[in-house]
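Notes follow the structure.
The values are calculated or read from the model by the stated rules, or taken from the named source; none is laboratory data. Quick caveat, the model's predicted, so the values are computed rather than measured. So basically every Cβ, Gly included, is an ideal-geometry build from the backbone, and we count neighbours across all protein chains shown.
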Amino acid sequence: MKRYIIYSLLLISSLPLFADDAMKVLDIAADRIRKAGDIEIEYKASIFSGATEKASATGTMWLRENQMKLDAEGITTWYDGKTRWCYVPTSNEVNIDEPSKKEMAAMNPYTFMGIYKKGFKMTVKETVLRGEAVYEVYLKARYAKMDVKEIYVDIRKSDYQPLCIRVRESNDWQRVSITNLKSNLKFENEFFTFPTNDYPNVLINDMR
């Protein structure tokens, strides 16, 4: 009987938890991110078709509310909440536009923090990622018309920091692995705008 009870407990602990538990994990993670202040993220982003990696890039991202700066594969992007500047050093030009919120959301690995409460069924299970105990939250779209079909979010149990986010919109998966994160930083507004004085001979391509 004792062996049966132990076996039953082990079996129960390995089963996925459900929506209330998943929502609780995401709520805690989202709240901690909101309270983290300005943050710096080092990451690797990849696109997969099945198990095949089609493309990948590493970079660093700086975030403050809806503002962003991104340095990826030598290309630097600034976004002040309305205007985006993208500097391409190989052609010494900066492209300027005003992207939609949806476009900018696709660049931000924390976008899921604003969308998970509506339109998704979700479960969570405990597992291990890169040697660390994590909650793996799985979100599946309730409606076929939704752009995002599936999301996996791996959240470290010790501090509720997201370590990996996988998103499927069509057939391909996008994965963002967060390799380092610094929080409670302080950036000035100018940090998220293109520093014109630093690029006196740049070719400006204004597409607004």
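Numbers below:
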item: Meets criteria (surrounded by fewer than 17 Cβ atoms within 10 Å (Cβ to Cβ), at pLDDT 90 or above and farther than 20 Å from Tyr138 by Cβ) for Thr77; result: no
item: Filtered residue count, segment 170-191, keeping only those that are under 17 Å from Glu53 (Cβ atoms) and of a type outside the set (Lys, Arg); result: 8
item: Residue among Leu129, Leu163, Leu203 that is without any contact (Cβ under 8 Å) to a residue 60 or more places away in the chain and touching a Ser or Thr at 6+ places or on another chain (Cβ under 8 Å); result: Leu163
item: Breaking point among (1) at pLDDT below 90; (2) surrounded by 14 or more Cβ atoms within 10 Å (Cβ to Cβ); (3) of a type outside the set (Asp, Glu), for Trp85; result: (1)
item: Segment 71-88 - residue that is in contact (Cβ under 8 Å) with a residue 40 or more places away in the chain and assigned to a loop (DSSP other than H, G, I, E, B) and, of those, nearest to Phe187 (Cα to Cα); result: Asp80
item: Every residue from segment 160-182 that is in a loop (DSSP other than H, G, I, E, B) and over 23 Å from Ala141 (Cβ atoms); result: Tyr160, Gln161
item: Selected residue (only one of Thr179, Thr193 is farther than 19 Å from Lys44 by Cα, modelled with pLDDT of 90 or more and surrounded by fewer than 18 Cβ atoms within 10 Å (Cβ to Cβ)); result: Thr193
item: Selection count, segment 41-70, where residues are part of a strand (DSSP E or B) and under 14 Å from Glu188 (Cα atoms); result: 6
item: Subset of segment 1-40 [at pLDDT below 90, among the charged types (D, E, K, R) and closer than 24 Å to Lys186 by Cα]; result: Asp31, Arg32, Arg34, Lys35
item: Any hit, segment 89-110, residues being modelled with pLDDT of 85 or more, exposed (fewer than 12 other Cβ atoms within 10 Å of the Cβ) and part of a strand (DSSP E or B); result: no
